[in-house]
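Some notes on the structure that comes next.
Any read-out appearing in this document is the output of simple, stated calculations on the displayed coordinates, not a laboratory observation. The model shown is predicted, which means the values in this text are computed figures rather than measured ones. Cβ atoms come from the backbone with ideal geometry, glycine included; neighbour counts cover every protein chain shown.
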Amino acid sequence: MLVAGPPGSGKGTQCARLAEQHGWGHLSSGEHFRDLIARRTPLGLKLQSLVDAGGLVPDDLTVEIVLRALDEMAYELVLLDGFPRTLPQAHALIERSTHHVVRRVVELSVPTRVSFERLAERARSDDDVSAIRLRLALYESQTRPAIEWFSGLGIVVTIDGNQPPPDVGDAIASALADLDVLDGIAAAPSPSSSSSSGAATV
């Protein structure tokens with residue numbers, strides 16, 4: 001299950017809460033990347049070289065790392081936090097994942113102003129504020145199309161993230177219960193399929 005939303009929407013908080021309450025796995029792509037770099041694994045060294053060069057991690061490498069991590073997780077349900085970030089990553093997740101299926105996409109909706117204020121509270125300099133603006137802009141230009149594509153498959157649930165964290169968690173749990181997210185898993189259309197059935201799960 002994917003948990004999506006702009007920076008500062010509370011994805012990590014809600015994933016940790018749901019994982020603890022239900023015994024689900026939680027994979028934060030950002031934390032996983034940092035762990036690989038810190039442990040200086042072969043993939044971590046490749047990531048470090050990209051970071052040092054000031055470049056972005058290519059979609060193919062991002063997908064390879066996340067899918068490998070998913071395949072190593074022995075949970076019936078895993079919460080994916082921070083992935084996919086782009087439409088090509090979303091397509092690849094559906095096409096290339098062999099051991100996991102995306103059952104629902106939970107989108108935490110938070111006004112841009114609120115996201116900015118939450119992130120700015122942690123900022124220490126004008127450079128940090130500039131980085132926040134860039135992160136929010138990248139979310140709208142790169143991640144929003146991926147969420148819209150998932151929405152076309154009928155699997156996106158939008159939750160108001162601009163409320164106290166416990167209330168957000170309760171809203172997520174209620175939405176998933178109403179949708180019977182753990183039952184009746186069906187085959188989903190591929191990215192090239194013209195099907196738009198609202199019953200599609202991935």
* **GluC sites (Glu not before Pro) lying in DSSP loop within the range 32-77, provided at most 12 other Cβ fall within 10 Å** => GLU72, GLU76
* **Computed lengthening from ALA175 to SER97, 0.36 nm per intervening residue step minus Cα-Cα distance** => 25.6 nm
* May I ask you to list the GluC sites (Glu not before Pro) in the range 104-144 that are in a DSSP loop and have at most 12 other Cβ atoms within 10 Å of their Cβ? => GLU121
* Structure fact -> Label model pair VAL114, VAL129: point-to-point distance (7 angstrom along the Cα→beta-carbon line) in nm is 2.3
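Mind ranking 26-38, 82-94 by how tightly packed they are, going by the mean number of other C-beta atoms within 10 angstrom, highest first?
Details: 26-38: 16.5, 82-94: 21.5.
Order by mean packing, descending: 82-94, 26-38.
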* Express in nm, to one decimal, how much length is gained between VAL51 and ASP35 on full extension, taking 0.36 nm for each residue of separation and deducting their alpha carbon distance. => 4.4 nm
* Asked: Where the centroid of each part is defined by its Cα atoms, how far is the range 90-164 from the range 5-75 in Å?
  -> 15
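Given R₀ = 25 Å, FRET efficiency for GLN163-GLU20 by Cβ-Cβ distance, to 0.05?
0.80
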* Asked: Any idea what Rg and Dmax come out to for the range 1-44 if you just take the C-alpha atoms, in Å?
  -> 12.4, 34
* To do: Report, by chain and number, residues whose modeled amide H sits under 5 Å from the one on GLU107, excluding near sequence neighbours (fewer than 5 apart, same chain).
  => ALA4, VAL157, THR158, ILE159
